[in-house]
């Protein structure tokens with residue numbers, strides 16, 4: 001089962017906003033796709049997009065905090081966390097809860113751990129604090145993120161590094 005070809009798989013997207021990856025997975029043949037989102041603000045737009053792409057019958061949306069309510073999400077063949085771990089100060093808890101739902105594969109993207117991204121994060125977080133936003137952006141060590149998933153039985157099978165974002169694919173060994 002390739003990352004880009006989820007045909008026949010169930011997909012769980014954690015923190016997917018309006019569900020762009022959820023919709024793409026369904027369009028590429030995923031049997032079902034669930035988007036678990038922390039904020040309810042995306043639901044109206046998500047419903048409109050699911051209807052527009054005619055995939056609403058295979059899509060599920062859940063508004064919940066996965067760390068606080070791990071049973072709120074179904075298990076799935078593939079679990080996706082795209083640009084989500086950068087929004088939490090406790091990535092081990094989020095990744096552990098996510099890994100528990102991955103039957104075969106977990107894919108996560110995160111900002112690369114570079115000096116210039118860490119400097120940018122300080123700038124962004126200072127602005128957020130001055131604006132009294134609770135949200136903060138985080139750059140975590142990739143080895144720590146991978147280790148947090150591997151503690152739950154998945155193994156790193158591939159990575160891809162771009163200018164800003166890095167991708168890690170972890171698979172559950174057969175048997």
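Comparing 142, 40, 74, which has the greatest mean-square fluctuation in the GNM of the chain with Cα pairs linked when under 10 Å apart?
Greatest mean-square fluctuation among the candidates belongs to 40.
Place a point 7 Å from Cα of residue 161 in the direction of its Cβ. Which residues in segment 64-87 have their backbone N less than 20 Å from it?
Answer for segment 64-87: 83-86.
Roughly what would the spin-label model give for residue 115 and residue 65, points 7 Å off Cα along C-beta, in nm?
About 3.7 nm, to one decimal.
Could you tell me which of rounded, prolate or oblate describes segment 1-67, using a ≥ b ≥ c as the square roots of the eigenvalues of the alpha-carbon gyration tensor, with rounded for a/c under 1.5 and, failing that, prolate when a/b is larger than b/c and oblate otherwise?
Verdict is oblate for segment 1-67.
Using just the helices of the chain, give the 222 nm mean residue ellipticity in deg cm²/dmol: DSSP H runs with n ≥ 4 each add -39,500 (n - 2.57), and the total is spread over all residues, rounded to 500.
Computed ellipticity for the chain at 222 nm equals -9000 deg cm²/dmol.
Given labels modelled 7 Å from the Cα in the Cβ direction, how far is it in nm from residue 44 to residue 31?
With each label placed 7 Å out from Cα toward Cβ, I get 3.5 nm.
With the crude spin-label approximation of a point 7 Å out along Cα→Cβ, what separation in nm comes out for residue 124 versus residue 54?
3.8
Counting only Cα, what are the radius of gyration and maximum Cα-Cα distance Dmax of the chain, in Å?
16.1, 51
Give me the percent of DSSP beta bridges within the chain that run antiparallel, rounded to the nearest 5.
About 40 percent, rounded to the nearest 5.
Could you work out how much longer the chain between residue 174 and residue 147 gets when fully extended? Use 0.36 nm per residue separation minus the Cα distance between them, nm to one decimal.
Once the chain is fully extended between residue 174 and residue 147, it gains 7.8 nm.
Considering the alpha-carbon set of segment 52-148 alone, what are its Rg and its Dmax in angstrom?
For segment 52-148, the Cα-based Rg and Dmax read 15.6, 45 Å.
Rule-based calculations on the coordinates, nothing more; no lab input. Bear in mind that the values here come from a model prediction, so they are computed numbers and not experimental data. No Cβ is skipped: glycine too gets one built from the backbone with ideal geometry, and neighbour counts run over all protein chains shown.
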